[in-house]
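**Student:** There's a structure below that I have some questions on.
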Amino acid sequence: MPTKYIFFTGGVVSSVGKGVTAAALGRLLKERGFAVAVQKLDPYINVDPGTMSPYQHGEVFVLDDGAETDLDLGHYERFIDIRLNRVCNTTTGQVYAEVISKERRGDYLGGTIQVIPHITNEIKRRVGLVAKTTGAEIVIIEVGGTVGDIESLPFLEALRQLRNDVGRENTMFIHVTWLPYIGATSELKTKPTQHSVAEVRSIGIAPDMIVARSDYPMDEGLRDKIALFCDVDKKAVVPMVTTNVLYEVPLLLEKLGMAEFVLRRLGLEARQKPDWSEWQNLVQEVRRQKPKVSVGLVGKYVELHDAYMSVREALTHAALHLGVELDLHWIHSVEVEKGKHWDEIQSVDGILVPGGFGARGIEGKIQAAKHARENNVPYLGLCLGMQLMVVEFARHIYMNEEANSTEFDRNTTHPVIDLMPEQQSITDMGGTMRLGLYPCHLVPGTKAAAAYGENVVQERHRHRFEFNNAYREIYEENGMVFSGLSPDGRLVEIAELRDHPFMLASQFHPEFLSRPNRPHPLFVAFMRAVCERASVPYRKSGKISSEG
Ligand code: GLN
């Protein structure tokens, strides 16, 4: 069959769940037996979000091949349970960089380079690469931003052209909008939706489907009205009311018949009946009253929860798996340094220190790690969270506050975390870290090996600094166990404390590979220790069944 393309555009406002909707539709199609991939087109000029502040952009999601991507890729991978690659996040920066380097090489000698056709051709080439590199039969493409933004115009124009290139029967446009609620008259308003559909039409794109997001249920009359004014079939108006259970979205879209409409529109027939039993159990489990356990996430971007999207999801997956409710405390590391939030740190059943860059707030995280070590509180460190666990331990061994990572103190007397030799000469900041999937050998008899139940695992990385091997012996003598190593034994991938219920940290980012129905082993092991600390009974069998 020819590759089918589903394009998602957004109208009215951003942040109404376009990414989640696209991801959920992907799941609906996968459940019907199709190979699905998703691509995000981001209109900003950065080559990738790797150099952006999490305050600007939220989390940077890392793929197997080391691509640093938009956090929506995390939704795609988690909802559809797929692994994506570099071409699945294309930015304006990448498109222009490619075209300009070709121009310098002389590929267009004699020509004038223009947005149409040169930029739009490059966009189309990248869209085409998704099916080629992933083997997907249906490619879902989400255009970032909102229709009407200057930046997204070349993308929309390219997709409009693509519709003609590959045939209307192989493409469809879905427009996701927002219906504001007017309290004074208690009604939802469709006018902004009408305007934004008019805007897409003005650039030659007629949406085949409208996903109308709102905080309140929509009546039939309103659905009729949107169908009429936006010139779509009534069945193609999908009223998507906000839900507080993220993973319920595929079930809601299923009920609304979204997949049937999409398949019919693309001339496809379902190859199998979807089986939602796992998802239904999952959602039921989310809603069930469960015993609570608390975890403190000590980070410096905690005001913006999106900055730790995958970490929060991975904790949630593990908690659901164990049949407990995660009570997540967002604790600001900078304030911890100022002596604040200590009652909270002392009250939580587990402490997680996530990844991060730069010196701000690190002393607060080190203090939190110290508290966990001294009081037998379960601790999970992710990347920077591992490096700081190591620093804290050095300060304890040497009785010397100077021990540090050279990221924060170049001249420290004890550089226990240091730049990798390969990193010493690198000056460019973008895309130059140790990125993507690397193998890690587990040391038998350790907590890490027990958690995984395997000898070798592959995990995603994003860092410049590493454990400094000059210190291995003295750490081991003092009770630190290096339980995960690179195949040549040179790089420390996982460290854990011997004389502690659970103080374990990884140089990689396990959170990126956690799935709602397949929680990550390290998160499960951590949450189990948290339950034990809290004396909360947890499910030992693992599989979530309808009986709970
Ligand atoms: N800043 C640290 C490094 O570059 C940790 C990075 C991270 O936590 N992702 O190695």
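Just so you know, all these numbers are worked out from the coordinates, no wet-lab data involved. Note that the structure is a prediction, hence the values are computed from the model and not measured. Positions of Cβ are generated from backbone atoms using ideal geometry, with glycine treated the same way; all protein chains shown enter the neighbour counts.
**Student:** What length, rounded to one decimal in nm, is gained on full extension from ASN411 through to THR133, with 0.36 nm per residue of separation minus their alpha-carbon distance?
**Tutor:** Working it through step by step, the gained length comes to 95.5 nm.
**Student:** If the only charges are +1 at each Lys and Arg Cβ and -1 at each Asp and Glu Cβ, what is the size of the charge dipole of segment 1-155 around the Cα centre, to the nearest 20 debye?
**Tutor:** Computed about the Cα centre, the dipole is about 480 debye.
**Student:** Tilt of helix 362-374 relative to the longest C-alpha principal axis of the chain, in degrees (0 to 90, nearest 10)?
**Tutor:** Helix 362-374 sits roughly 60 degrees off the main axis of the chain.
**Student:** List the aspartates and glutamates whose Cα sits under 13 Å from the Cα of LYS292, skipping any in the same chain fewer than 8 residues away.
**Tutor:** Leaving aside aspartates and glutamates fewer than 8 places away in the same chain, those within reach of LYS292 are GLU325, ASP327, ASP349, GLU532.
**Student:** Quick one: length gained pulling GLU151 to TYR55 fully straight, 0.36 nm per residue minus the C-alpha distance?
**Tutor:** Additional length available on full extension: 32.5 nm.
**Student:** Take the alpha carbon atoms of segment 270-296, find their center, do the same for segment 151-213, and report the distance between the two centers in whole angstrom.
**Tutor:** Measuring centre to centre over Cα atoms gives 32 Å.
**Student:** Which value results for Rg/Rh of the chain when Rg is the Cα radius of gyration and Rh the Kirkwood radius based on the inverse mean 1/r?
**Tutor:** Rg/Rh: 0.99.
**Student:** Beyond a 22 Å Cα-Cα separation, which of these cross-linked pairs lie in this structure: LYS102/LYS124; LYS447/LYS540; LYS290/LYS540; LYS255/LYS540; LYS40/LYS132; LYS40/LYS124?
**Tutor:** Cα-Cα > 22 Å for LYS255/LYS540; rest within.
**Student:** Also: Which whole-number percent of Cα pairs in segment 203-271 have a distance greater than 20 Å?
**Tutor:** That tail contains 33 percent of the Cα-Cα pairs.
**Student:** Still on this model: Going by how many other Cβ atoms sit within 10 Å of their own, how do ARG360, ARG168 line up, fewest first?
**Tutor:** ARG168, ARG360
**Student:** Given charges of +1 on the Cβ of Lys and Arg and -1 on the Cβ of Asp and Glu, with all other atoms neutral, how large is the dipole of segment 376-465 about its Cα centre, in debye to the nearest 20?
**Tutor:** 220
**Student:** Moving to a separate point now. Could you list LYS255, LYS370 so that the one with the fewest beta carbons within 10 Å of its beta carbon is first and the one with the most is last?
**Tutor:** Starting with the residue having the fewest Cβ neighbours, the order is LYS255, LYS370.
**Student:** Quick one: the Cα spread of segment 77-116 along its three principal axes, in angstroms, biggest first?
**Tutor:** Projected onto its principal axes, the Cα set of segment 77-116 covers 47, 18, 12 Å.
**Student:** Might you report the magnitude of the Cβ-based charge dipole of the chain about its Cα centre, with Lys and Arg at +1 and Asp and Glu at -1, to the nearest 20 debye?
**Tutor:** Approximately 1320 debye in magnitude.
**Student:** Please provide three numbers in whole Å: the alpha-carbon extents of segment 299-435 along the principal axes, with the largest listed first.
**Tutor:** Cα spread of segment 299-435 along its principal axes, largest to smallest: 47, 37, 25 Å.
**Student:** Considering only C-alpha atoms, what is the centroid distance from segment 222-258 to segment 25-78, in Å?
**Tutor:** Measuring centre to centre over Cα atoms gives 24 Å.
**Student:** Under 20 Å from the Cα of LYS300, which lysines turn up, not counting those fewer than eight places away in the same chain?
**Tutor:** Answer for LYS300, where 20 Å is the Cα cut-off: LYS338, LYS340, LYS365, LYS370, listed by chain and number.
**Student:** Place +1 on the Cβ of every Lys and Arg and -1 on the Cβ of every Asp and Glu in segment 48-124, take the dipole about the Cα centre, and give the residue among TYR76, CYS88, GLN114 whose Cα lies farthest towards its positive end.
**Tutor:** It is GLN114.
**Student:** Report the Rg/Rh value for segment 37-85, based on alpha-carbon coordinates and the Kirkwood definition of Rh.
**Tutor:** Using only Cα positions, Rg/Rh for segment 37-85 is 0.94.
**Student:** Which one of ALA37, PRO501, PHE526 is farthest out on the positive end of the charge dipole of the chain, using unit charges on Cβ (Lys, Arg +1; Asp, Glu -1) and the Cα centre as origin?
**Tutor:** ALA37
**Student:** In nanometres, what is the gap between the two model label sites at ASP306 and ARG288, each 7 Å from Cα along Cα-to-Cβ?
**Tutor:** Placing both labels 7 Å beyond Cα along the Cβ direction yields 3.3 nm.
**Student:** Still on this model: Straight-line reach only, C-alpha to C-alpha below 16 angstrom: list the lysines that LYS225 could link to, leaving out same-chain residues fewer than 8 apart.
**Tutor:** Cross-link targets: LYS189, LYS191, LYS234, LYS235.
**Student:** Right, next: Give me the Debye-computed log₁₀ of I(q)/I(0) at q = 0.16, 0.22, 0.23 Å⁻¹ for segment 60-142, equal point scatterers on Cα only, no solvent, two decimals.
**Tutor:** -0.69, -1.06, -1.12
**Student:** Cut-off is 10 Å between beta-carbons; in what order do PHE482, PHE512 appear when sorted fewest neighbours first?
**Tutor:** Lowest count first: PHE482, PHE512.
**Student:** Run through every distinct alpha carbon pair of segment 20-166 and return the Kirkwood hydrodynamic radius in angstroms, one decimal place.
**Tutor:** The Cα-based Kirkwood calculation yields 15.9 Å.
**Student:** Could you work out how far apart the two model spin labels at GLN346 and ASP231 are, taking each label as a point 7 Å from the Cα in the direction of the beta carbon, and quote it in nm?
**Tutor:** 6.8
**Student:** Here is a follow-up. Name the shape class, rounded, prolate or oblate, that the alpha-carbon gyration tensor gives for segment 266-350, where a ≥ b ≥ c are the square roots of its eigenvalues, rounded holds for a/c under 1.5, and otherwise prolate holds if a/b is larger than b/c and oblate otherwise.
**Tutor:** oblate
**Student:** Here is a further query. State the answer as a single residue: which of PRO207, HIS305, VAL197 lies farthest towards the positive end of the charge dipole of segment 175-324, with beta carbon charges of +1 for Lys and Arg and -1 for Asp and Glu, about the Cα centre.
**Tutor:** HIS305
**Student:** Sticking with this one: So what's the convex hull volume per residue for the Cα atoms of segment 300-374, in Å³?
**Tutor:** In segment 300-374, the Cα convex hull volume per residue is 95 Å³.
**Student:** Shifting gears a bit: Using the alpha-carbon atoms, what tilt in degrees (0 to 90, nearest 10) does helix 191-202 show relative to the longest principal axis of the chain?
**Tutor:** Around 70 degrees separate the two axes.
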